[in-house]
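Input: a single structure, listed below in structure tokens.
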Amino acid sequence: MHLNLHDSVFQLLYVDDGIGFDQNKTARGIGLENVKERLGQLKGNVNIDSVLNRGTAITIEIPIHDHAA
């Protein structure tokens with residue numbers, strides 16, 4: 001897992017070298033839908049890259065705004 005702040009964007013990268021999954025055959029669960037909804041409220045996004053026998057990489061980006069200005 002990597003956390004980064006770059007150009008006012010908070011980035012979280014999670015990578016595993018497990019068995020992965022076929023994104024076209026896997027149903028989206030309520031947990032992922034909740035994550036997407038909350039990221040939408042923060043104007044963020046999530047990208048999931050997974051392939052069978054290769055593993056999974058999940059990237060979440062959330063813009064950080066300076067509310068003090």
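Under a 5 Å amide H cut-off, with hydrogens placed 1.01 Å from N, VAL51 pairs with PHE21 among residues at least 5 apart or on other chains. Charges were assigned to the Cβ only: +1 to each Lys and Arg, -1 to each Asp and Glu. The resulting dipole of the chain about its Cα centre is roughly 220 debye. Subtracting the Cα-Cα distance of ILE19 and VAL51 from their residue separation scaled by 0.36 nm leaves 10.7 nm. The distance from the alpha carbon centre of segment 26-52 to that of segment 7-24 is 11 Å, rounded to a whole number. Sequentially through segment 37-42, phi angles give Karplus couplings (6.51, -1.76, 1.60; θ = phi - 60°) of 5, 5, 5, x, 5, 9 Hz, Gly and Pro residues having no value and appearing as x. Pull out a ≥ b ≥ c, the square roots of the eigenvalues of the alpha-carbon gyration tensor of the chain, then state rounded if a/c is under 1.5, prolate if not and a/b is larger than b/c, and oblate in the remaining case. Taking the square roots of the gyration eigenvalues as a ≥ b ≥ c, the chain is oblate. Each Cα pair under 8 Å and six or more residues apart adds its separation to the average, and for segment 2-62 the resulting relative contact order is 44 percent. Positive-end ranking of GLN41, TYR14, GLY55 along the dipole of segment 2-62, with charges on Cβ about the Cα centre, is headed by GLN41. Of the peptides 10-16, 36-42, the order by per-residue mean of other Cβ atoms within 10 Å, starting with the highest, comes out as 10-16, 36-42.
Every read-out reported here was derived from the displayed coordinates using simple, explicitly stated rules and does not represent laboratory data. These numbers come from a predicted model, not from an experiment. FYI the Cβ positions are ideal-geometry reconstructions off the backbone, even for glycines, and counts take in every protein chain you see.
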